[in-house]
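Colleague: Have a look at the structure that comes next, please.
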Amino acid sequence: MPFLLPLLNNVEPCVSSLIVYCFSTISSEIFSFTAFRQLSQMFSAIFLFHGSEYLLALFFHGKNSVTLESLLISKNYVLAMVGSLVEYLVEIHFFPGMKEHWLISNTGLALVVVGELMRKLAIITAGRSFTHLIRRSREQDHVLITHGVYKYIRHPSYCGFLIWSVGTQIMLCNPLCTLGFAAVVWHFFQQRIQYEEYFLRQIFGSRYVEYARRTTSGIPFVK
């Protein structure tokens, strides 16, 4: 169809121009001050959280007892973080004003710091009694920790992780992932606490029952 050739010749430059325009627009937004600051804070928070998690596990349990699982990076976790990045990029492209709420973003940053400190304080206080896997029986180095932050919160490491994970999304001004992270992480710990405390009651008996009675779990609406 010869009459289509001029039309196709005109379409190709238009498509190329559109691609160049979209790429330049997205690039300018990604490398803006807002995106650079928020994304750099996000990646720094992830690196610090998982790096320190691994180093503390290495310090308390030794190289032979530590695997990459101590980084706490699972397939679902990676998908969640990728999803949060996708939401951020879509929103900063179509609704850049959403990311300019610095009071909200800085509140998220503060929550990230608080959550990080709480979790690491919990790990350091528990020492060798802290493990990433739930213990089903008592081992030689497993003792019931009831001092420090554990005097008030039974699961401060879970509380810290919940605050940290939700804080990362508030820091990015990601409304969808803020709600999603809060719901998914809460549900995960709600089930994990029930499972873990069953074995803690088996191991420590009435001591743990009394300890649980006078403390909070650290996760909202979870006794």
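Colleague: Go through the range 203-221 and report how many residues are farther than 14 Å from Ile145 by Cα, touching a Ser or Thr at 6+ places or on another chain (Cβ under 9 Å) and either of a type in the set (A, V, I, L, M) or free of Cβ contacts under 8 Å to residues at least 60 places away in the same chain (or both).
Modeller: 0
Colleague: Only one of these conditions is not met by Arg138: (1) surrounded by 13 or more Cβ atoms within 10 Å (Cβ to Cβ); (2) in a helix (DSSP H, G or I); (3) touching a residue at least 24 places away in the same chain (Cβ under 8 Å). Which number is it?
Modeller: If we test Arg138 against (1) surrounded by 13 or more Cβ atoms within 10 Å (Cβ to Cβ); (2) in a helix (DSSP H, G or I); (3) touching a residue at least 24 places away in the same chain (Cβ under 8 Å), just (2) comes out false.
Colleague: Could you say which residue among Tyr198, Tyr158 is among the hydroxyl-bearing types (Ser, Thr, Tyr), assigned to a helix (DSSP H, G or I) and within 30 Å of Gly108 (Cβ to Cβ)?
Modeller: None of the others qualify; the one that does is Tyr158.
Colleague: So, one more: Looking at (1) buried (at least 18 other Cβ atoms within 10 Å of the Cβ); (2) on the phi > 0 side of the Ramachandran plot, can you tell me which one Gln38 breaks?
Modeller: Condition not satisfied by Gln38: (2).
Colleague: Of everything in the range 42-64 that's farther than 24 Å from Cys173 by Cα and open to solvent by 40 Å² or more (accessible area, probe 1.4 Å), which residue is farthest from the chain's Cα centre (by Cα)?
Modeller: Out of the qualifying residues, it is Asn64.
Colleague: Something else now. Looking only at the range 79-86, decide whether some residue is under 16 Å from Phe188 (Cβ atoms) and loosely packed, with under 13 Cβ neighbours inside 10 Å.
Modeller: Scanning the range 79-86, I find at least one residue that is under 16 Å from Phe188 (Cβ atoms) and loosely packed, with under 13 Cβ neighbours inside 10 Å, so the answer is yes.
Colleague: Has the range 145-153 got at least one residue that is under 24 Å from Lys223 (Cα atoms) and in contact with a strand residue (DSSP E or B) (Cβ under 8 Å, 6 or more places away or on another chain)? Before you say what the answer is, go through the steps one by one.
Modeller: The initial filter retains those residues of the range 145-153 that are under 24 Å from Lys223 (Cα atoms), namely 145-153.
Imposing the further condition that a residue be in contact with a strand residue (DSSP E or B) (Cβ under 8 Å, 6 or more places away or on another chain) reduces the set to 152-153.
The answer is yes, given that some residue of the range 145-153 is under 24 Å from Lys223 (Cα atoms) and in contact with a strand residue (DSSP E or B) (Cβ under 8 Å, 6 or more places away or on another chain).
Colleague: Name, by its number, the condition in (1) modelled with pLDDT of 95 or more; (2) open to solvent by 70 Å² or more (accessible area, probe 1.4 Å); (3) of a type outside the set (S, T, N, Q) that does not hold for Val15.
Modeller: Only one criterion in (1) modelled with pLDDT of 95 or more; (2) open to solvent by 70 Å² or more (accessible area, probe 1.4 Å); (3) of a type outside the set (S, T, N, Q) is unmet by Val15, namely (1).
Colleague: With the checklist (1) open to solvent by 70 Å² or more (accessible area, probe 1.4 Å); (2) at pLDDT below 50; (3) among the β-branched types (Val, Ile, Thr) in hand, flag the one item Thr67 doesn't pass.
Modeller: Just one mismatch for Thr67, condition (2).
Colleague: Could you say which residue among Tyr195, Tyr208, Tyr150, Tyr158 is open to solvent by 30 Å² or more (accessible area, probe 1.4 Å) and not β-branched (Val, Ile, Thr)?
Modeller: Numbers: Tyr208 fails: open to solvent by 30 Å² or more (accessible area, probe 1.4 Å); Tyr150 fails: open to solvent by 30 Å² or more (accessible area, probe 1.4 Å); Tyr158 fails: open to solvent by 30 Å² or more (accessible area, probe 1.4 Å).
The match here is Tyr195.
Colleague: Just the residues that are within 17 Å of Ser52 (Cβ to Cβ) and either not in a helix (DSSP H, G or I) or not hydrophobic (A, V, I, L, M, F, W, C) (or both), please, taken from the range 92-127.
Modeller: Of everything in the range 92-127, those that are within 17 Å of Ser52 (Cβ to Cβ) and either not in a helix (DSSP H, G or I) or not hydrophobic (A, V, I, L, M, F, W, C) (or both) turn out to be Gly115, Glu116, Arg119, Lys120, Thr125, Gly127.
Colleague: Then there is this: Name the pairs whose Cβ atoms lie under 6 Å apart, with the first residue in the range 105-127 and under 24 Å from Thr146 (Cα atoms), the second open to solvent by 40 Å² or more (accessible area, probe 1.4 Å) and of a type in the set (Val, Ile, Thr), and 6 or more positions between them or separate chains?
Modeller: Val114/Ile163; Gly115/Ile163
Colleague: I would also like to ask the following. Run down Trp164, Trp186 and say which single residue is touching a Leu at 6+ places or on another chain (Cβ under 8 Å), modelled with pLDDT of 95 or more, open to solvent by 40 Å² or more (accessible area, probe 1.4 Å) and of a type outside the set (Val, Ile, Thr). Don't jump to the end; show me each part of the working.
Modeller: Details: Trp164 fails: open to solvent by 40 Å² or more (accessible area, probe 1.4 Å).
The unique qualifying residue is Trp186.
The values are calculated or read from the model by the stated rules, or taken from the named source; none is laboratory data. None of the values given here were measured: they were computed from a predicted structure. Glycine gets a Cβ as well: all are built from the backbone with ideal geometry, and neighbour counts include every protein chain shown. For accessibility, only protein heavy atoms count, side chains too; no ligands or nucleic acids. Shrake-Rupley method; radii C 1.70, N 1.55, O 1.52, S 1.80 Å.
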